[in-house]
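Taking it in order: structure first as structure tokens, then the write-up.
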């Protein structure tokens, strides 16, 4: 992905958080999930999008049960991928997200 495209995507994700935050928060069953914000959002989004080769950040979570950060990316073909990052923004796992299948949201 070109640096310009990545910068635009990360900036758009950050603007979404500043505009309301909830668009990138994905509440869990206990409602305790916290969205990634600020500089961490920009760094985590950049790492996740580099890992997936593009797409749009559509959800974030700090303190996910699988990693420090979870970044949900919707790929251009509509598939969703959860990118798991450690506290240093290194990718530790990437998996298809099947939770949205059949959902009216997303």
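The values are calculated or read from the model by the stated rules, or taken from the named source; none is laboratory data. This one's a predicted model, so the numbers in the text were calculated from it and none came from an experiment. Note that we place each Cβ from the backbone using ideal geometry, even for glycine, and neighbour counts take in every protein chain shown.
Taken over the range 44-68, the criterion of being in contact with a helix residue (DSSP H, G or I) (Cβ under 7 Å, 6 or more places away or on another chain) and surrounded by 18 or more Cβ atoms within 10 Å (Cβ to Cβ) is satisfied by 45, 46, 49, 55, 57, 59, 60.
Tallying residues that are in a loop (DSSP other than H, G, I, E, B) and more than 12 Å from residue 56 (Cβ to Cβ) within the range 67-76 yields 2.
Do you know which residues across the range 63-92 are farther than 15 Å from residue 40 by Cα, at pLDDT below 95 and touching a strand residue (DSSP E or B) at 6+ places or on another chain (Cβ under 8 Å)? Answer for the range 63-92, where residues must be farther than 15 Å from residue 40 by Cα, at pLDDT below 95 and touching a strand residue (DSSP E or B) at 6+ places or on another chain (Cβ under 8 Å): just 66.
Selection of the range 69-88 for residues being more than 12 Å from the chain's Cα centre (by Cα) and either surrounded by 13 or more Cβ atoms within 10 Å (Cβ to Cβ) or more than 13 Å from residue 49 (Cα to Cα) (or both) yields 77, 78, 79, 86, 87, 88. If you go through the range 19-50 and keep only what is at pLDDT below 95, touching a strand residue (DSSP E or B) at 6+ places or on another chain (Cβ under 7 Å) and either more than 20 Å from residue 89 (Cβ to Cβ) or part of a helix (DSSP H, G or I) (or both), you end up with just 24.
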